[in-house]
């Protein structure tokens, strides 16, 4: 487990729309662009092996503007293909707040970041004391049926609160801005409530603006 003192002041960032990483969760990635192959190579040379996942911000005037909050993950698995691509797994460590982007001499982007306010991310798995699991699973089953999706229901029923909510937040096909709302939820309960709202409005065919109000 990492401690606040172990976290660097600068992080290499991977701006990938719709890709959500949450603390203590795992995100598989396929790395093939030369600049991100270089980023991975450089990250593996450091003790922390961190890569920051950040959503591009379409609301900003500049095309390359980033959302202010992202999540850093440690490279915990990687394998190289015969043609030089990498399949990696990032394990979420902590969210961060982008302070500024560096004029780096690297082909990929780097930012100075603040880890303040996200101390809970470095602790043990969160619990959700107000979680009505039976009601949630019923909603989820209706949603999967409406989307003609299949899953291992026994595994979902046995998963602890955080694993269940975070896995669904990462895997379900929400828009990038909806994923950002899930990332920025201050605690597991708020993330679960946001997830329920997104599922309910998706089933009703609500607009993105309605979903996030």
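The values are calculated or read from the model by the stated rules, or taken from the named source; none is laboratory data. None of these values were measured; they are calculated from a predicted model. Please note: Cβ atoms are built from the backbone with ideal geometry, for glycine as well, and neighbour counts cover all protein chains shown.
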In the range 28-46, residues that are more than 14 Å from residue 12 (Cα to Cα) and within 21 Å of the chain's Cα centre (by Cα) total 6
If you take the residues of the range 80-93 that are modelled with pLDDT of 95 or more and surrounded by fewer than 16 Cβ atoms within 10 Å (Cβ to Cβ), which of them is farthest from residue 31 (Cα to Cα)?
89
Answer with yes or no whether residue 96 is out of contact with any helix residue (DSSP H, G or I) (no Cβ under 6 Å at 6 or more places or on another chain) and either crowded, with 19+ Cβ neighbours inside 10 Å or part of a helix (DSSP H, G or I) (or both).
yes
Whichever residue in the range 130-144 is touching a residue at least 60 places away in the same chain (Cβ under 8 Å) and within 29 Å of residue 93 (Cβ to Cβ) and, among such residues, is surrounded by the most Cβ atoms within 10 Å (Cβ to Cβ)
136
Boolean, residue 64 is modelled with pLDDT under 95 and under 15 Å from residue 96 (Cβ atoms)
no
Are any residues in the range 105-129 more than 17 Å from the chain's Cα centre (by Cα), touching a residue at least 60 places away in the same chain (Cβ under 8 Å) and under 28 Å from residue 161 (Cα atoms), and if so, which ones?
127, 128, 129
Kindly indicate whether any position in the range 41-48 is under 16 Å from residue 170 (Cβ atoms) and surrounded by 12 or more Cβ atoms within 10 Å (Cβ to Cβ).
no
